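Each remark here refers to the structure printed beneath this line.
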Amino acid sequence: MLLHIAVGDAYGAGFEFCSREKIVSGNTLEKYLPHELGILAGQYTDDTQMSIAIAEVLLSNAGLSADVFAEAFVKSYRRDMRSGYARGLQGLLDICESGAELRRRIAPESRRNGAAMRSVPLGLIADKALLAEAARQQAMVTHNTAEGMLSSHVIALMSHVLLYDKASLSDLPEIIFTATGFALRDDWCNEVECDALQTLHAVNTALQGNRSMSTLLLACVNFGGDVDSVAAIAMGLASLTPEYVVDIPASLVNGLESGEFGQNYLRQLDTALARRYPVLLAHL
C-alpha cells in the first residue's frame, strides 16, 4: 500500500502543475522525472510522508486524536525534511518542534486536498464509526473545513470497503453516496487544482477507467495539475483490490528513492501494518 502510494507520488511529482508539453513528451512510464522546483527524480513528496505518519499512528498505541496526528506529522517531517508541501505548512513545519506547537500556530481553514492525500492508510481501521472519527481528527489538524474532513472520510472509506468488504470498484460511488451523501463523478477530464473535491472526482474517474497500475499512472498524470496527489491516492487504492493488475515497470519500482525512509522503509511499514491488520496481507 505505502509502496504503491510512493510510486504514484514520485512519478506524479515530476509532472505536478507542469506544461502540457512535458506531459505529452514525458508521461511514458520509462522513468521518473525531476521537478523544476527541486524534487529529484524518484523522490516522493508530502503525500507519502504524511501517509507514513498516519501509518505510524496506526501502528502505535497513542490513540487517534488530532493532537496525536499533529505530533506524527511534525515528527515525520523533522526527521526527513523534504520538498512538496504547501508553502505555508512547510514554513510552519520548519519552525515547529511539536504537534502542540503546530496546532497553536496553524490556521487550519484549507479546502485543499492535503487531508485526502494521506487518508488511504486509515482504511485499515476495522470499525467504520472509528474510521470516520479518525478521518475527521486527522483532517482537523490542517484542513478543519467541511471539504477537508469530507475528503478524508471518502478516501478512508473507499480504502476500507475495498479491504474489508471486498467491494468492487464499480460499487464505490454508490457506497460513498450512501455513507456520506457525496456523489463521486467518473467523468473528470480537466486539470486538477489543489482542491479536495476535484481530487476525489479525478481519483474516482481514473480508478473506474483503468484496470492496470501502468495505465492508471498514465491517466492520473494526463489530467494535469496536482497529479502527484491524484496518483498517490489512486495507486494506494488500486493496490487494495484484485481488480487491478500490478504491472508497474521495473524502472519505477527500482528507481524509487532508497534512502533511510525510502523503498525499504516503506516495505517494512507495509509488513508491520499487515501484522497489525491482517486484512492487508493479501495485498502485499
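The values are calculated or read from the model by the stated rules, or taken from the named source; none is laboratory data. Values in this document were obtained by computation on a predicted structure and should not be read as measured data. Glycine gets a Cβ as well: all are built from the backbone with ideal geometry, and neighbour counts include every protein chain shown. The area values use the complete protein model at the heavy-atom level, side chains included, leaving out ligands, DNA and RNA. Shrake-Rupley method; radii C 1.70, N 1.55, O 1.52, S 1.80 Å.
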* Averaged over every viewing direction, what's the projected area of the C-alpha convex hull for segment 125-284? Give it in nm², one decimal, please. => 9.4
* To do: With only alpha-carbon atoms counted, please give the Rg and Dmax of segment 65-197, in Å.
  => 15.4, 44
* Asked: Based on the alpha-carbon gyration tensor of segment 234-284 and its eigenvalue square roots a ≥ b ≥ c, which shape applies: rounded if a/c is under 1.5, prolate if not and a/b is larger than b/c, or oblate?
  -> oblate
* To do: Lys and Arg at +1, Asp and Glu at -1: add these up for the other residues within a Cβ distance under 10 Å of residue 3 and post the number.
  => 0
* Structure fact -> As straight-line cross-link partners of residue 166, the qualifying lysines (C-alpha separation under 27 Å, not fewer than 8 residues apart within one chain) are 128
* Asked: Cα centroids of segment 259-283 and segment 99-152: how far apart, whole angstrom?
  -> 22
* Asked: Taking a label point 7 Å from the Cα of residue 165 along the Cα→Cβ vector, which residues of segment 105-140 have an amide N closer than 11 Å to it?
  -> 128
* Cut-off 13 Å between beta-carbons: net charge of the residues surrounding residue 238, Lys and Arg +1, Asp and Glu -1 -> -1
* Structure fact -> With the 1.4 Å probe rolled over protein heavy atoms, segment 151-284 has an accessible area per residue in Å² of 38
* Structure fact -> Quick shape summary for segment 169-220, equivalent ellipsoid via Cα gyration tensor, semi-axes whole Å in descending order, reads 19, 15, 7
* Asked: What's the Cα-based Rg to Rh of the chain, Rh via Kirkwood?
  -> 0.93
